[in-house]
1. Given the residues I115, I120, which is the only one that is under 13 Å from the mean Cα position of the chain (by Cα), closer than 22 Å to L18 by Cβ, modelled with pLDDT under 90 and assigned to a helix (DSSP H, G or I)?
2. Listed residues I85, I63; which is exposed (fewer than 14 other Cβ atoms within 10 Å of the Cβ) and touching a residue at least 24 places away in the same chain (Cβ under 8 Å)?
3. Here is a list: I63, I78, I85, I59. Which entry is in contact with a Gly (Cβ under 8 Å, 6 or more places away or on another chain) and part of a loop (DSSP other than H, G, I, E, B)?
4. Scan the range 110-124 and tell me whether some residue there is under 20 Å from V35 (Cα atoms) and either open to solvent by 80 Å² or more (accessible area, probe 1.4 Å) or not hydrophobic (A, V, I, L, M, F, W, C) (or both).
Amino acid sequence: MKPYNLLIVEDDLDDQLLLKLAFADDSINYKLLFVSSVDEFIESIPLWPVTPDLILLDINMPILNGFEALTFLKSSTIYRQIPVIMLTTSEVDADIDRAYELGASGYITKPDTHIGLLKIAEHIRLFWFGVAKIPTRLV
């Protein structure tokens, strides 16, 4: 089986490390790519060797935020079909509503423990790459 490509847009280096560790147990099936800002995300899209199968997107980032990245993706004829899960610290109802209105496929509040993040990674693997059966894409 070809590994799934998971793009994670996250500015916090500690959260990046924790996400790497959370997916490490099953790393043969997942190729993780991290970008640290929405600016970097938008600039790097044409350079991606493959289209991501799933994007985890933080909302609260400097300069451009996750909503702006989500709007960019969903307005693109090339990238709008990629499922995007908001993975953020915000539990504000207005943020949750806005994410879904802009086309997010899911919304997960970041846990404050490593164990919680391991559980989220497991749920993502089981649902998005198991039940939902996201097909791998060829570029």
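The values are calculated or read from the model by the stated rules, or taken from the named source; none is laboratory data. These numbers come from a predicted model, not from an experiment. With ideal geometry, Cβ positions are generated from the backbone for all residues, glycine too; neighbour counts draw on all protein chains shown. Accessible surface areas use protein heavy atoms only, side chains included; no ligands, DNA or RNA. Shrake-Rupley method; radii C 1.70, N 1.55, O 1.52, S 1.80 Å.
1. I120
2. After applying the criteria, what remains is I63.
3. None of the others qualify; the one that does is I59.
4. Yes; the residues of the range 110-124 include at least one that is under 20 Å from V35 (Cα atoms) and either open to solvent by 80 Å² or more (accessible area, probe 1.4 Å) or not hydrophobic (A, V, I, L, M, F, W, C) (or both).
To keep it simple, each residue is scored yes or no on (1) over 24 Å from K31 (Cα atoms); (2) open to solvent by 70 Å² or more (accessible area, probe 1.4 Å).
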position	(1), (2)
V50	no, no
L56	no, no
L70	no, no
L73	no, no
R80	no, yes
L102	yes, no
I108	no, no
